[in-house]
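> Have a look at this one.
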Amino acid sequence: MCGIVGYVGTNHCAQLLLSGLRRLEYRGYDSAGIAIADEEGEVRVCRAEGKLQQLEQAYREDPFDGTIGLGHTRWATHGRPSELNAHPHRAGRVIVAHNGIIENYLELKKELTARGCKFSSETDTEVVAHLIDEMWSDSDQSLHDATRLALDKIEGSYALAVISTENPDELVVARYASPMVVAHGDNCAYAASDVPAVLDHTRKFVFLHDGDTAVLSQEGIAVYGDDGQPVEREVKRIHWDPVSAEKQGYKHFMLKEIHEQPARITDTLRGRVSVDRGEVNLAELNLDADKVADLDKIVFLACGTSYFAAQIAKYMIEEVARISVETDLASEFRYRNPLVSDRTLAIAISQSGETADTLAAIREAGELGATTLSIVNVIESTIARETDGVLYTHAGPEIGVASTKAFTTQLAAVGMLAIKLGRLNGTLDVEAARELISALRQVPAELETMLQDTSQYEEIARQYSRANSFLYLGRGNQYPIAMEGALKLKEISYIHAEGYAAGEMKHGPIALIDRNLPVVVLSPQNSVYEKTASNLEEVKARGGRIIAIGTEGDDRLDAFSDVVISLPEVPEFVQPLVSVLAVQLLAYHIADFKGTDVDQPRNLAKSVTVE
Ligand code: G6P
């Protein structure tokens, strides 16, 4: 991941590629590169770690140009941010830029190495370049043929852009589960992972479908469907201004990121779970049955939204792996005298991997003898580097300050971890593991369905956005979601909100209940449903206004609530992953209705690297 731009035509393209990358900068990246072929097919590559300025400087020191080329900004997923790992990657005649994740890259790399291929990076992408070069064995074949043959061997997600030294007037692209557009120009064609990259040059876009490949040249664009046969794809005129193009037409980054969640959860599970075998593969954590059997407890350390992911981890792990789990706010843990031993497993959860309190807390746990792990989104961040093992969430860069997709991918990660620990601990048999894995796999499709029509949230926002305060209630694994829902609302709408354990309502918050306090009750059908439903009736009896979030078709909720938001029916284990979407959308639409700065709420920072 992260941004791709490509050009083939009659003009020199170095500046176009560099400015295209600038247009993609908002997505976040840690290295960048360009590759350009001249008329003779000589290809030059220039790459640099860090910001585009570094790439531009490296390019200025030794400039080159031509009429076909690729540019890429990389957000590291496999291999640390470095010049060698930056794209484009070259193997023999083939030069590739790639977004996505090649699941079976280790297996392919082993086979290619055995056949004599030499690798110069730690990336999954380089495997693709070697495979295409290897497949291109016959002079009757085209770069496109070789690319399709290579894609047959690849499992995973990709947006690919490929050029070659053999055929310097053709650019080949491919798409599967990672966005890729192509666009028409005058005697030229463009490719990009996102519209803004080339919006200064053209408005005529073709959005490729999964499984499509395309051949771009001065003459135009030929698109092929997943069966390899030519297909017609509609040319769409894009009228977005550059800013809304960055948000892919969504009003805010936060909304775009909410909608990205199904794909990012799929990326996080990708290559790590097998329903057939009932297995979760998290080799990166170096956990084995002996180690797990010896644990006295697991301690999760985190801040903010990540802390609520830790709290859900407690429900998941204690339920399926029967290991005692504590959760601690990192800022509290680091200043008390915590009980940690060499039989403790300490796990930091952090989107950024740089939060000062979380870093200090996990260091402290390590110094006290614990084995340390982390669940982190930003590869090679400090927390990732300093822990004994790291499980990366593949949320991609999150731009909205209020965390959404980082949270749901953290939940997918802790779900996998719980299953893994249960299998290692012998508390979960293969059949039960299969069920939990398929529950996790079911989530993206359920979220897609929920995202198809969100008009109900706009209506709720109209009715409730004048409230001064909200109460969120939940039990069991919905309790952390109640707190996350309240946090989201206060972060972006500036309305006071409190998340409470439903069973605790009678010990205090019940005194607040009246017509002016909307109460959001998270009450899907699960093992604590009856209990939560009685709390809801208690609120109703005191004249409270109830927004119930429950399972589709629940008549009891209908009878007692002012508004019901329906959730799809999913196993209790994964209910937080679907109910959180409802509280995210609720907060978003209320904030949007109020007109606050949703993406950059006042006083908040995306990454808090000071105490
Ligand atoms: C900040 C962000 C929150 C985030 C928290 C922890 O407060 O605004 O969205 O949850 O930091 O960040 P981390 O990167 O450690 O998950």
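The values are calculated or read from the model by the stated rules, or taken from the named source; none is laboratory data. Computed from a predicted structure; not experimentally measured. Quick reminder, even Gly has a Cβ in these numbers, built from the backbone with ideal geometry, and neighbours come from all protein chains shown. Quick note on the areas: whole protein, heavy atoms, side chains included, nothing else; ligands and nucleic acids left out. Shrake-Rupley method; radii C 1.70, N 1.55, O 1.52, S 1.80 Å.
> Filter segment 543-561 down to the residues that are in contact (Cβ under 8 Å) with a residue 24 or more places away in the chain and surrounded by 15 or more Cβ atoms within 10 Å (Cβ to Cβ) and list them by number.
Gly544, Arg545, Ile546, Ile547, Ala548, Ile549, Gly550, Thr551, Asp554, Leu557, Phe560, Ser561
One line per residue, one yes/no per condition, for (1) open to solvent by 10 Å² or more (accessible area, probe 1.4 Å); (2) closer than 17 Å to Glu166 by Cα:
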site: Phe64; (1), (2): yes, no
site: Leu70; (1), (2): no, yes
site: Glu83; (1), (2): yes, no
site: Arg93; (1), (2): yes, yes
site: His98; (1), (2): no, no
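> Residues being touching an Asp or Glu at 6+ places or on another chain (Cβ under 7 Å) and without any contact (Cβ under 8 Å) to a residue 24 or more places away in the chain: count how many of those fall in segment 327-377.
1
Quick grid of which residues meet (1) among the small types (Gly, Ala, Ser); (2) not in a loop (DSSP other than H, G, I, E, B):
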site	(1), (2)
His144	no, yes
Ala150	yes, yes
Val172	no, yes
Ser178	yes, no
Asp200	no, no
Phe205	no, yes
His209	no, no
Val223	no, yes
Asp226	no, no
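> Here's a follow-up. Can you pull out the residues in segment 1-17 that are buried (at least 18 other Cβ atoms within 10 Å of the Cβ) and more than 10 Å from Gly69 (Cα to Cα)?
The answer is Met1, Cys2, Gly3, Ile4.
> Only one of these conditions is not met by Asp328: (1) closer than 25 Å to Tyr479 by Cα; (2) in a helix (DSSP H, G or I); (3) within 15 Å of the ligand (Cβ to nearest atom); (4) more than 20 Å from the chain's Cα centre (by Cα). Which number is it?
Against the list (1) closer than 25 Å to Tyr479 by Cα; (2) in a helix (DSSP H, G or I); (3) within 15 Å of the ligand (Cβ to nearest atom); (4) more than 20 Å from the chain's Cα centre (by Cα), Asp328 comes up short only on (2).
> Something else now. Looking at Asn468 and the list (1) open to solvent by less than 10 Å² (accessible area, probe 1.4 Å); (2) under 23 Å from Ile510 (Cβ atoms), which single condition is not satisfied?
(1)
> Does Val43 meet the test of being surrounded by 24 or more Cβ atoms within 10 Å (Cβ to Cβ) and out of contact with any Pro (no Cβ under 7 Å at 6 or more places or on another chain)?
No; evaluated as a whole, the condition is false for this residue.
> Could you tell me whether Ala86 is in contact with a His (Cβ under 9 Å, 6 or more places away or on another chain), in the same structural domain as Cys117 (by TED's automatic domain parsing) and at pLDDT below 95?
yes
Rundown of residues vs (1) near the ligand (Cβ under 9 Å from one of its atoms); (2) at pLDDT below 95, yes/no style:
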| site | (1), (2) |
| --- | --- |
| Arg334 | no, yes |
| Ser341 | no, no |
| Ala346 | no, no |
| Glu354 | yes, yes |
| Thr358 | yes, no |
| Thr371 | no, no |
| Ile375 | no, no |
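> Taking interchain pairs and intrachain pairs at least six residues apart, which have beta carbon atoms under 7 angstrom, with the first residue in segment 287-299 and among the β-branched types (Val, Ile, Thr) and the second in a strand (DSSP E or B)?
Ile298/Val325; Ile298/Leu345; Ile298/Ile347; Val299/Glu326; Val299/Asp328; Val299/Thr344; Val299/Ala346
> Where residues in segment 580-611 are of a type in the set (Gly, Ala, Ser) and within 16 Å of the ligand (Cβ to nearest atom), which of them is nearest to Leu489 (Cα to Cα)?
Filtering first and then ranking leaves Ala587.
> Now for a separate question. State the number of residues belonging to segment 360-369 that are buried (at least 23 other Cβ atoms within 10 Å of the Cβ) and within 13 Å of the ligand (Cβ to nearest atom).
Going through segment 360-369 one residue at a time, the tally reaches 2.
> Please go through (1) of a type in the set (Val, Ile, Thr); (2) in contact with a Lys or Arg (Cβ under 7 Å, 6 or more places away or on another chain); (3) open to solvent by less than 60 Å² (accessible area, probe 1.4 Å) for Val430 and return the number of the only condition it doesn't satisfy.
Failed condition: (2).
> Shifting gears a bit: Go through (1) under 21 Å from Glu459 (Cα atoms); (2) in a loop (DSSP other than H, G, I, E, B); (3) away from the ligand (no atom under 16 Å from the Cβ) and name the single condition Val564 misses.
Status for Val564: all satisfied but (2).
> Within segment 36-49, count every residue that is under 15 Å from Gly6 (Cα atoms), out of contact with any Cys (no Cβ under 8 Å at 6 or more places or on another chain) and in a strand (DSSP E or B).
Final tally of qualifying residues: 5.
> Does Thr387 satisfy the condition of being of a type in the set (Ser, Thr, Tyr) and over 30 Å from Arg602 (Cβ atoms)?
yes
> Inspect segment 165-187 for any residue being in contact with a Phe, Trp or Tyr (Cβ under 7 Å, 6 or more places away or on another chain), touching a residue at least 60 places away in the same chain (Cβ under 8 Å), surrounded by 15 or more Cβ atoms within 10 Å (Cβ to Cβ) and among the small types (Gly, Ala, Ser) and give the result as yes or no.
Yes, the conditions are met somewhere in segment 165-187.
> Now a separate question. So for segment 200-212 (the condition being over 22 Å from Glu155 (Cα atoms), over 28 Å from the mean Cα position of the chain (by Cα) and hydrophobic (A, V, I, L, M, F, W, C)), does at least one residue qualify?
Within segment 200-212 (the criterion being over 22 Å from Glu155 (Cα atoms), over 28 Å from the mean Cα position of the chain (by Cα) and hydrophobic (A, V, I, L, M, F, W, C)), the answer is no, since none of the residues qualifies.
> Based on what the data block shows, is Tyr494 under 21 Å from Glu448 (Cα atoms) and either of a type in the set (Lys, Arg) or within 16 Å of the ligand (Cβ to nearest atom) (or both)?
No: the conditions fail for Tyr494.
> May I pose another question? Quick check: is even one residue across segment 571-579 within 16 Å of the ligand (Cβ to nearest atom) and either buried (at least 23 other Cβ atoms within 10 Å of the Cβ) or over 30 Å from Lys247 (Cβ atoms) (or both)?
Yes, because at least one residue in segment 571-579 is within 16 Å of the ligand (Cβ to nearest atom) and either buried (at least 23 other Cβ atoms within 10 Å of the Cβ) or over 30 Å from Lys247 (Cβ atoms) (or both).
> Would you be able to tell me the number of residues in segment 105-159 that are within 23 Å of Thr73 (Cβ to Cβ) and of a type in the set (Gly, Ala, Ser)?
Count: 6.
> The conditions are (1) modelled with pLDDT of 95 or more; (2) open to solvent by less than 60 Å² (accessible area, probe 1.4 Å), and Arg462 fails exactly one of them. Which is it?
(2)
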